[in-house]
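The values are calculated or read from the model by the stated rules, or taken from the named source; none is laboratory data. Here the structure is a predicted model, which means the values were calculated and not measured. Ideal geometry is used to build each Cβ from the backbone, glycine not excepted, and the neighbour counts take in all protein chains shown.
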There are 2 protein chains.
Amino acid sequence: MLDQHGSAHSRTPSVTATRGESVPTVPPASTAARETAVDVAALLERGRTLATPVLRAAVNRLAAPMDTVSAYHFGWIDAEGNPADGDGGKAVRPALAVLSAEVTGAAPEVGVPGAVAVELVHNFSLLHDDLMDGDEQRRHRDTVWKVHGPAQAILVGDALFALANEVLLELGTVEAGRATRRLTTATRALIDGQAQDISYEHRDRVSVEECLEMEGNKTGALLACASSIGAVLGGADDRTADTLEKYGYHLGLAFQAVDDLLGIWGDPVSTGKQTWSDLRQRKKSLPVVAALAAGGAASERLGEMLAADAKSNDFENFSEAEFAARADLIEKAGGREWTAEEARRQHTVAVEALNAVDMPDRVRARFTALADFVVVRKR
Amino acid sequence: MLDQHGSAHSRTPSVTATRGESVPTVPPASTAARETAVDVAALLERGRTLATPVLRAAVNRLAAPMDTVSAYHFGWIDAEGNPADGDGGKAVRPALAVLSAEVTGAAPEVGVPGAVAVELVHNFSLLHDDLMDGDEQRRHRDTVWKVHGPAQAILVGDALFALANEVLLELGTVEAGRATRRLTTATRALIDGQAQDISYEHRDRVSVEECLEMEGNKTGALLACASSIGAVLGGADDRTADTLEKYGYHLGLAFQAVDDLLGIWGDPVSTGKQTWSDLRQRKKSLPVVAALAAGGAASERLGEMLAADAKSNDFENFSEAEFAARADLIEKAGGREWTAEEARRQHTVAVEALNAVDMPDRVRARFTALADFVVVRKR
């Protein structure tokens, strides 16, 4: 992938994107989706429609007050317990899980327990990570630990994790055992990624390679599982599952690269986050580490500023202009364009991985369309 | 079991134990252990010897710093990272897990992945519960969140939970899938029990029935799993596993009743806890709820005192004499003797459950001996 010191620099294009234009994630050259005119919105809606009732039924099994706290987290009720029509997120994972069942010729429904289990693990990690990171807002709302306290965030996270295994294992099939094992591997990676994320916070410098490894763990592993779990439940062999995992892993890295761009340059109205969100949190995201690794005047000036910020007592009172200055240096050093290119590169690896698996053209086109969607999204 | 209001009272003996004598957990009438002269210490040592190396190898798989934090939690190193010979606990669960493999005629080693998985789940729950409950000491040492911070306690707990599933599922057998499913059910019960424990803290009154349900979840479910998981891995059918679970569940309730006695009247040198430990934490443990449910002068006086304590700003400065007065009222109201009797009663149900399963006499004698040990232990 990348060598430890230089390659982020060597691959950084000399021409940087113009500030103010939209996030430079030009759709890549894959045309399969356009040829077969896949309706991505319908694909996402299908995953959501199939998975949500099963997810809600699973969460309803939790004893009080864990059912209520979960319902708040998922956006089904507000803090006062009134029904809410919360932002359920993009639902890329459920769409992938039910689509992957179709690789084996099974109905999309076969992937539903996998979709639900993956969503439960994802949300377990959100509940715990928000508490560990002290994040007070998610999806435009106060996080669970802010509303219901730290103990409930821990407890309900644990319950969702256990429920994920339960939803799969109660199928009682050999395939369910295999799916649970893969989900467990992904969960371990997720936890490793969070451990890396925490340890990087206390360090001045993080290499591009370390950042990619962390993002592969935090985002790639679970998207890998989502992209294969339906196929595993449909009886796919290990080679097919591994290949679908490869697609999902690189799709996850593309997804995260775009997220990192949106975390600095995204439109707050679309993302639901503050302006310069990741800069306010001093996140060592890809654009930042790539800019720091790039060398040159802007890179060095950025390094000095961020080092000073880490010691500053006044950081919380920084103005918009001060964050804008940092974003500008990241961009001048090539961090923005490098990350956009990285998203395209990971997208290509993901889509090409699909070539190693036999599947109906229709299914392949849908995987490709979902990959295209991930890199052009604005939120 | 018990009706919601009256039966704790109706079963409370009129004669209470004399203060100052040892915890009144007279060994029950089962004689199988003595007839075949089971060496309980050797049985516990066998479980520990078989499980510990596999447990340590599993924990060593964790990425830094989670491996180190875990090693501290298990007592293998001290807070500075130097090797330590920590108190590994009584090791009843591993002893039960390897013993249960022998029910099926398998070697005890067959139960080892089950023993390790159960220990991992148990320790995941300790890490999270200590943080949720704000407990600063466990096994004579500072708890993980005190030494390594709350984030590490959450993260490492998560990692141990995931590792538990991994250790089982990597066996790749149908039996391992069944064992993981049962472990998941037990873990969900564990989490339900912790949810109940937290909610009871905010209530003035908890019924004996609610307390037993909570203790069944927090202690019974995982001992049930420990008592059957080796048999499941050895190929036992569901009826056999269910019966062994029944033994373990009631053993767990006996275990917890003894724990509740030790939590008030135990010798601090043996238990490693403060004097009147559970009273200092205002725990609504069995002796307390049974005393409150008993009625009569001592019960009413206790209720008034505990209600006043809950509003007191000076509770943390209470003297030994003040806790002793509360313990005395619990005893006068019959809470101590009722709990001791409850331990014996649950022990009897546990041992009698074994009659429904065919197993070698030697194995049956060992299960019985472990049950006897649980109710006579002093720590």
| Do we have A:LYS378 as touching a strand residue (DSSP E or B) at 6+ places or on another chain (Cβ under 9 Å) and either of a type outside the set (S, T, N, Q) or assigned to a helix (DSSP H, G or I) (or both) here? | no
| task | Could you tell me whether the range A:211-226 includes any residue that is under 18 Å from the mean Cα position of the chain (by Cα) and over 26 Å from A:LEU120 (Cβ atoms)? | result | yes
| said: Looking for something out of contact with any Pro (no Cβ under 7 Å at 6 or more places or on another chain), at the interface with chain A (Cβ under 10 Å from one of its Cβ atoms), of a type in the set (Gly, Ala, Ser) and under 26 Å from A:ALA64 (Cβ atoms) - is there at least one such residue anywhere in the range B:179-191? | reply: yes
| query | Can you name the number of the only condition in (1) within 16 Å of B:VAL118 (Cα to Cα); (2) crowded, with 21+ Cβ neighbours inside 10 Å that B:THR185 fails? | reply | (2)
| query | Can we say A:SER125 is within 26 Å of A:SER270 (Cα to Cα), polar (S, T, N, Q) and modelled with pLDDT of 95 or more? | reply | yes
| task | Specify which of the listed residues (A:ALA162, A:ALA224) is free of Cβ contacts under 8 Å to residues at least 40 places away in the same chain, away from every other protein chain (no Cβ under 14 Å) and crowded, with 23+ Cβ neighbours inside 10 Å. | result | A:ALA224
| Subset of the range B:165-178 (residues that are under 25 Å from the mean Cα position of the chain (by Cα), closer than 13 Å to B:GLY230 by Cβ and either facing chain A (nearest Cβ under 7 Å) or aliphatic (A, V, I, L, M) (or both)) | B:LEU168, B:ALA176
| note | Of the listed residues (A:SER299, A:SER270), the one being assigned to a helix (DSSP H, G or I), among the polar types (S, T, N, Q) and modelled with pLDDT of 95 or more is A:SER299
| Taking the range A:90-126, which residues are part of a loop (DSSP other than H, G, I, E, B), in contact (Cβ under 8 Å) with a residue 12 or more places away in the chain and surrounded by fewer than 19 Cβ atoms within 10 Å (Cβ to Cβ)? | A:LYS90, A:GLY105, A:ALA106
| List the pairs whose first member sits in the range B:55-78 and is away from chain A (no Cβ under 13 Å) and in a helix (DSSP H, G or I), whose second member is of a type in the set (Asp, Glu) and surrounded by fewer than 20 Cβ atoms within 10 Å (Cβ to Cβ), and whose Cβ atoms are under 9 Å apart, counting only residues at least 6 apart or on separate chains? | B:ASN60/B:ASP67; B:TYR72/B:ASP78
| Yes or no: A:ARG203 within 26 Å of A:LEU286 (Cα to Cα), surrounded by fewer than 24 Cβ atoms within 10 Å (Cβ to Cβ) and within 14 Å of chain B (Cβ to nearest Cβ)? | yes
| note | Among the residues of the range A:60-76, the number that are surrounded by 18 or more Cβ atoms within 10 Å (Cβ to Cβ) and either within 24 Å of the chain's Cα centre (by Cα) or among the hydroxyl-bearing types (Ser, Thr, Tyr) (or both) is 7
| said: With the structure loaded, tell me whether B:ALA371 is in contact with a helix residue (DSSP H, G or I) (Cβ under 7 Å, 6 or more places away or on another chain), within 30 Å of B:ASP237 (Cβ to Cβ) and surrounded by fewer than 22 Cβ atoms within 10 Å (Cβ to Cβ) or whether it fails that test. | reply: no
| Taking the range B:138-149 on its own, how many of its residues are assigned to a helix (DSSP H, G or I) and within 14 Å of chain A (Cβ to nearest Cβ)? | 3
| task | Kindly indicate whether B:LEU155 is surrounded by 23 or more Cβ atoms within 10 Å (Cβ to Cβ), farther than 17 Å from B:ALA63 by Cβ and at the interface with chain A (Cβ under 8 Å from one of its Cβ atoms). | result | no
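Looking only at helices (runs of 4 or more DSSP H) that lie completely in the range A:150-225, which have at least 1 residues being closer than 30 Å to A:ALA307 by Cβ and at pLDDT below 95?
A:174-201
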| request: Select from the range B:258-290 the residues that are touching a His at 6+ places or on another chain (Cβ under 9 Å) and closer than 22 Å to B:GLU341 by Cβ and list them in ascending order. | output: B:ALA290
| Does A:ALA350 satisfy being part of a helix (DSSP H, G or I), modelled with pLDDT of 95 or more and in contact with a His (Cβ under 8 Å, 6 or more places away or on another chain)? | yes
| remark: Exactly one of B:ASP130, B:ASP135 is more than 9 Å from chain A (Cβ to nearest Cβ) and in a loop (DSSP other than H, G, I, E, B), and that residue is B:ASP135
| task | Check the range A:228-237 and report whether any residue there is over 22 Å from A:LEU183 (Cβ atoms) and part of a loop (DSSP other than H, G, I, E, B). | result | no
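Pick from A:GLY134, A:GLY111, A:GLY86: which is under 23 Å from A:ALA189 (Cα atoms) and either among the aromatic types (Phe, Trp, Tyr) or at pLDDT below 95 (or both)?
Working: A:GLY111 fails: either among the aromatic types (Phe, Trp, Tyr) or at pLDDT below 95 (or both); A:GLY86 fails: under 23 Å from A:ALA189 (Cα atoms).
Of the residues listed, the single one that is under 23 Å from A:ALA189 (Cα atoms) and either among the aromatic types (Phe, Trp, Tyr) or at pLDDT below 95 (or both) is A:GLY134.
Rundown of residues vs (1) surrounded by 14 or more Cβ atoms within 10 Å (Cβ to Cβ); (2) without any contact (Cβ under 8 Å) to a residue 40 or more places away in the chain; (3) touching a Cys at 6+ places or on another chain (Cβ under 7 Å), yes/no style:
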{"residue": "B:VAL288", "(1), (2), (3)": "yes, no, no"}
{"residue": "B:ALA297", "(1), (2), (3)": "no, yes, no"}
{"residue": "B:GLU320", "(1), (2), (3)": "no, no, no"}
{"residue": "B:GLU352", "(1), (2), (3)": "no, yes, no"}
{"residue": "B:ASN355", "(1), (2), (3)": "no, yes, no"}
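Condition test on B:GLU119, is it more than 21 Å from the chain's Cα centre (by Cα), at pLDDT 95 or above, more than 27 Å from A:GLU201 (Cα to Cα) and not hydrophobic (A, V, I, L, M, F, W, C)?
Numbers: more than 21 Å from the chain's Cα centre (by Cα): no; at pLDDT 95 or above: yes; more than 27 Å from A:GLU201 (Cα to Cα): yes; not hydrophobic (A, V, I, L, M, F, W, C): yes.
The answer is no for B:GLU119.
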| task | Could you run through the range A:237-281 and say how many residues are within 15 Å of the chain's Cα centre (by Cα), surrounded by fewer than 24 Cβ atoms within 10 Å (Cβ to Cβ) and of a type in the set (S, T, N, Q)? | result | 1
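For B:LEU329, are the conditions met, namely being in a helix (DSSP H, G or I) and touching a residue at least 40 places away in the same chain (Cβ under 8 Å)?
It is false that B:LEU329 is in a helix (DSSP H, G or I) and touching a residue at least 40 places away in the same chain (Cβ under 8 Å).
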